[in-house]
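Coordinate-derived values only; no laboratory data. Computed from a predicted model, the values in this text were never measured in an experiment. Every residue, glycine among them, receives a Cβ derived from its backbone with ideal geometry; neighbour counts consider all protein chains shown.
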Amino acid sequence: MADSTWVREQPDSDTGSTSQEGYGNLSMPPEAMLDLAHKAAELLVARSGSLPEEGAWDGEFRRELDDRLMKAPPEKGRPAVEVVEQAAKEILPLATRLDHPRCFGFIPSSPTWPGVLADFLAAGFNSNACTWLVASGPSQLELVVIDWLRRWIGYPDGAGGLLTSGGSAASLDAFVAAREEAGHPERATVYMSDQSHSAHIRAARIMGVRQECIRMIPSDEHFRVDMVALARSVAEDRAEGFNPIAVCANAGTSSTGAIDPLEAMADYCEAEGIWLHVDAAYGGFAAVTDRGRKLLRGIERADSIGLDAHKWFFQPYEAGSLLVKNAGTLERAFAVHPDILQDTVWGANHPNIADRGLQLSRTLRALKIWMSVQTFGMAAFRRAVSRGMELARRAGQYVEESPNLELLTPVSLGVVCFRVNPCDERRTEEALEEINRKVLARVFWEDRAFFSSTLLHGTFSLRMCIINHNTTWDDVRETLETSERFGLEALKK
Ligand SMILES: Cc1ncc(COP(=O)(O)O)c(C=O)c1O
């Protein structure tokens, strides 16, 4: 193979040149480039074939990894195929395999192959989706993908947005836009439920909202924000001179999948003149299905919405987005025109996407979404999202019918919260927590599946998030059966 025999000649000093004319020090001949790309593709395809038979988690402790990897950067290089193999065999597999069909922990994800290759192409073309001048094709593609997102969630024509690293960046950009629209008041205050993702607290902090101006509103027994408490909190704050600038709603909490009362929140925020941001990072793509659209009714009335295509739209990380109902709000908040970029100002019809958020240099995220949808078509995506909801529904039914399991919240979107709680006798909450922690640990160490836990207003719960398009009912059922068995065994000890 060209690569294994081809070892670059090394220059003697920082400024030395090699005798290989035609290539810079950091370039490779075409044959070696192809060999290397082929090797990487082979490793990935082999991984995806063997994934279902492996465990959904692998990892190592720090000391061991320090021993293996914590070395000074080498002065001389080595064959590139060897380097790729080391990465693919010794480093990258030490992870939660979030795309494993039995990975149900946190919010898993399972990227399409065209999506993966799109990231490779974008890097290879060295795309920087910052301005129209630098990247007209990528910028246009981002406008296309943002327009698709707009349609899926039912936003009007004048809506716009940008692709972001994820939901965290989307909420930060949304808060900044909200604050600017509110006239950048003193004592700016933001509201979210006690079920909102921690990303929102962080976003508020980054934006300079003081801790005493971040309001965590209690949620009801279904983990939806308590509207009475929200209204009371806003009224009290206004009376004391705080300035409410944004309310965050959840369109699928990460813990239980709960969807806040979006219509009621939209009514309330409209009446009060407060920006409504909907965190649809996880749940938003349900909107591509009929059932999901009904569940998310009201989302289209929000001022801004964050949606992560690296969650339920099957894209590799990072593929978040922020949509705003009024496209101008982002540019009003973020656009700056330094002299060095004066050539990039081509007018409103040729937007510079960098003017809509935090980043100037931006990776091309639109390509993966576009290539995946072009390859498979929306019907396939709709089926894949529906399938997650259907598997979660069946899992909930299985739990309800089992004499050994208890469903702790209604199944919502793809999330099922449950615990082992055999109906033969009553047990204390402490005893149940102990048993279920044991179940979690045994699944983690002994089973092929991986799931995580959460606290439901303080009650320990096992939790499965079922949104992988490769997951089958057998994957779900066997994982529930295993939990049941581990629970019963823990009770016998
Ligand atoms: C509901 C929800 N919102 C926000 C986030 C943060 O998104 P990201 O990790 O893409 O920044 C997550 C992450 O899992 C999430 O589940």
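Below is a table of values for the structure above.
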{"item": "ARG62 versus ASP290: modelled label distance in nm, points set 7 Å from Cα along the beta carbon direction", "result": "5.3"}
{"item": "FRET efficiency, 1/(1 + (r/R0)^6) with R0 60 Å, evaluated for GLU54 and ASP339 via beta carbons", "result": "0.65"}
{"item": "Computed over segment 117-375, the ratio Rg/Rh where both radii use C-alpha atoms and Rh is Kirkwood", "result": "0.97"}
{"item": "Under 5 Å, built H, 5+ apart or other chain: amide partners of THR409", "result": "CYS417"}
{"item": "Mean separation of Cα contacts under 8 Å, 6 or more apart, over the residue count of segment 117-375: relative contact order %", "result": "30"}
{"item": "Unsatisfied cross-links (Cα-Cα over 29 Å) in the set LYS89/LYS493; LYS89/LYS311; LYS325/LYS368; LYS39/LYS368", "result": "LYS89/LYS493"}
{"item": "Cα gyration tensor, the chain - rounded (a/c under 1.5), prolate or oblate", "result": "oblate"}
{"item": "Structure-based [θ]222 nm, the chain - -39500 (n - 2.57) summed over DSSP H runs of at least 4, per residue, nearest 500", "result": "-13000 deg cm²/dmol"}
{"item": "Loop-resident sites, segment 37-142, for chymotrypsin sites (Phe, Trp or Tyr not before Pro), counting at most 11 other Cβ within 10 Å (DSSP)", "result": "PHE61"}
{"item": "Considering only the chain, percent of DSSP beta bridges that pair antiparallel, nearest 5", "result": "60"}
{"item": "Whole-angstrom Cα spans of segment 234-314 along principal axes, big to small", "result": "45, 21, 20"}
{"item": "Estimated inter-spin distance, PHE120 and GLN86, nm [label 7 Å along Cα→Cβ]", "result": "2.2"}
{"item": "5 angstrom amide H check on THR96, placed H, neighbours 5+ away", "result": "ASP58"}
{"item": "Value of relative contact order over the chain, rounded to a whole percent, pairs C-alpha under 8 Å and six or more apart", "result": "19"}
{"item": "Normalised contact order of segment 398-493, rounded percent, pairs of Cα under 8 Å and 6 or more residues apart", "result": "29"}
